[in-house]
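S.K.: Please find one structure pasted underneath; my questions will follow.
Readers should treat all values here as calculations from the given coordinates under stated rules, not as data from a laboratory. As the structure is a prediction and not an experimental result, all values here were calculated from the model. Methodologically, a virtual Cβ is constructed for each residue, glycine included, from the backbone with ideal geometry; neighbour enumeration extends over all protein chains shown.
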Amino acid sequence: MLLLSLSIVAPIAADAQADKAAIVEFCQSVKGKEYFLKVGVVRIKHLIGGEDATNILPGPEVSYRATFGSVQDIQASVAEDFAEEARLVANREATEDFASTVRHYARGTQVKIEKFKVEKSEIEFNIKEKGGSKTKIRFKFGKSPDDYNLATVQDMFAFTFAETKEDLKEKAVELSLGMSVAEVIKAKGRPISRINLGAKTMLTYGDVKLIFQDDKLSDAQ
């Protein structure tokens with residue numbers, strides 16, 4: 001039984017090593033290059049150190065999360081909402097010994113990928129914008145080994161970075177009331193965020209939020 005178990009585990013381990021090697025090679029190919037951000041990026045800077053709050057998840061989708069001061073946790077799926085909440089907390093928590101500032105790198109900001117670090121459950125990209133300020137973006141994979149592969153990483157990278165300004169332009173897509181969530185995603189692409197509230201679903205694309213009721217497009221904000 002032990003030998004059988006080992007024979008099963010060995011191919012899985014070999015596949016994982018092959019995936020990691022391919023991912024490292026891809027990350028090496030983008031290191032040192034300049035891109036334009038397709039998602040907002042947020043960094044909270046303290047008097048000493050700071051927190052890089054931008055996480056890209058398989059899907060792909062973006063999640064912003066940080067903990068500082070007396071607040072246990074701040075999280076959001078839209079950069080502007082997260083930055084606003086973080087600034088409110090920073091102002092409320094500010095003292096002579098503790099002060100924080102919030103830096104929001106808007107979509108379209110040109111950045112350079114300076115270095116990267118590939119770990120078991122995440123990839124960390126260190127980026128620098130034209131003015132010289134630095135931050136990090138993390139690709140997080142959770143516990144599912146199926147997510148940790150080259151195709152998923154490339155998909156997440158394309159969701160996060162654009163090679164040219166032309167790539168930032170959103171294609172004109174005609175939507176109509178009654179379309180399903182799947183039909184809208186097929187036409188418009190993956191959203192920045194998706195919120196499921198029972199029979200109600202909300203998809204966020206840039207500055208527009210699409211609202212579905214019982215899987216039918218019912219409103220836009």
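S.K.: Before rounding to the nearest 500, sum -39500 (n - 2.57) across all DSSP H runs of length at least 4 in the chain and divide by the residue total; then give [θ] at 222 nm in deg cm²/dmol. Before the final figure, lay out the partial values.
M.R.: Working: 4 runs with 63 residues, N = 221.
Mean residue ellipticity at 222 nm (helix-derived): -9500 deg cm²/dmol.
S.K.: What translational diffusion coefficient, in µm²/s and rounded to a whole number, does the Stokes-Einstein relation yield for the stretch 22-113 at 37 °C and a viscosity of 0.692 mPa s, taking the hydrodynamic radius as the Kirkwood radius over Cα pairs?
M.R.: Numbers: Rh = 14.4 Å.
Estimated diffusion coefficient is 228 µm²/s.
S.K.: Can you spot the aspartates and glutamates whose alpha carbon is less than 17 Å from residue 186's alpha carbon? Ignore those fewer than 8 places along the same chain.
M.R.: Within reach: 61, 155, 170, 174, 215.
S.K.: Based on the Cα coordinates of the stretch 34-167, what is the per residue volume of their convex hull in Å³? Intermediate values should be presented prior to the final figure.
M.R.: Numbers: hull volume 15.2 nm³, N = 134.
Hull volume normalised by residue count: 113 Å³.
S.K.: While we're here: From zero outward in steps of 5 Å, how is the percent of C-alpha pairs of the stretch 170-220 spread across the bins?
M.R.: Using 5 Å bins, I get a P(r) of 5, 22, 38, 26, 7, 2 for the stretch 170-220.
S.K.: How many angstrom lie between the Cα centre of the stretch 79-94 and the Cα centre of the stretch 105-140?
M.R.: Computed from Cα coordinates, the inter-centre distance equals 21 Å.
S.K.: With +1 on each Lys and Arg Cβ and -1 on each Asp and Glu Cβ, how big is the dipole of the chain about its Cα centre, in debye rounded to the nearest 20? Intermediate values should be presented prior to the final figure.
M.R.: Numbers: 32 positive and 33 negative charges, 97 e Å.
Around 460 debye, computed over the chain.
S.K.: When ranked by the protection proxy of mean other Cβ atoms within 10 Å per residue, highest first, what sequence do the peptides 193-199, 158-164 form? Intermediate results must be reported in sequence, preceding the final value.
M.R.: On the way: 193-199: 11.6, 158-164: 16.4.
Ranking, from highest mean packing down: 158-164, 193-199.
S.K.: If you don't mind, there's one more thing I want to ask. Given N residues in the stretch 95-220, what is Rg(Cα) / (2.2 N^0.38 Å)? Write out the running numbers ahead of the final one.
M.R.: Numbers: Rg = 18.1 Å, N = 126, 2.2 N^0.38 = 13.8 Å.
Scaled against compact globular proteins, the figure is 1.31.
S.K.: Considering only DSSP beta bridges whose two residues both sit in the chain, what percent are antiparallel, to the nearest 5?
M.R.: Values: 51 of 54 bridges.
So the antiparallel bridges amount to about 95 percent of the total.
S.K.: Additional query: Which residue fluctuates most in the GNM of the chain (Cα springs below 10 Å): 208, 78, 153?
M.R.: It is 208.
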